[in-house]
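Notes follow the structure.
The values are calculated or read from the model by the stated rules, or taken from the named source; none is laboratory data. None of these values were measured; they are calculated from a predicted model. Cβ placement follows ideal geometry from the backbone for every residue including glycine, while neighbour counts extend to all protein chains displayed. These accessible areas exclude ligands, DNA and RNA; they are computed on the full protein's heavy atoms, side chains included. Shrake-Rupley method; radii C 1.70, N 1.55, O 1.52, S 1.80 Å.
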Amino acid sequence: MKKHFFLIALIVLLPSSILAQTIYTKFGGGYYFGVTEGFPEFGSGFSNTITNSGTGIRLNGSVGYHLSELISLEIDGFYFSGRSSGLSQYKTIGYGFSPFIVLNKKLESIQLYSRLGLSLNNMDFSPSGFRSGFKFGFGFTGGLGLTYPIQNLFGIFIEANGNLIDGGTIPYSNFGTSIGIKKDL
């Protein structure tokens, strides 16, 4: 009985002592390009994409936890401000957060990562000069990036990412790049 208890305790406790379990923060910003005003329907030939929305500047901050060298959990909060272009003109502001699962791969001097998560946000798409009120949006977001260490616990990251959001009356998708600072705590 003692032998089984020892083996179970060893299996549970050993990985947590070997793996790099650390907390980190990220702060950055970037420019996003809107792709569509709606979700294109299969076979529609993108006929319902009369404008794009979600073009603008996005500022974000994240807190993450490395479960291991390969997997992290991250929560990202953001603020977005921009305009649409095309046949309809909208001013867009919004904020929200996204929980992510992050897959990491460390190379010699850089760390590559990919992340996939849900996006929960409040966006206000309104004709220029008018505020129509915030609408709750839900969707998916993901990105690919790399982090270059400057010092032992400090690095610069660059990321290409995209969002596919059901924004209530105006579903939208956008993609962009972010650059910022990552700090291990």
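Counting the residues of the stretch 107-126 that are open to solvent by 70 Å² or more (accessible area, probe 1.4 Å) and at pLDDT below 90 gives 1. Take the conditions (1) modelled with pLDDT under 90; (2) on the phi < 0 side of the Ramachandran plot; residue 74 misses just one of them, which is (1).
The residues in the stretch 37-67 that are at pLDDT 90 or above and open to solvent by less than 70 Å² (accessible area, probe 1.4 Å) can be counted, and the count is 7. The set of residues in the stretch 133-181 being under 22 Å from residue 22 (Cβ atoms), open to solvent by less than 20 Å² (accessible area, probe 1.4 Å) and either at pLDDT below 85 or more than 14 Å from the chain's Cα centre (by Cα) (or both) consists of 147, 155.
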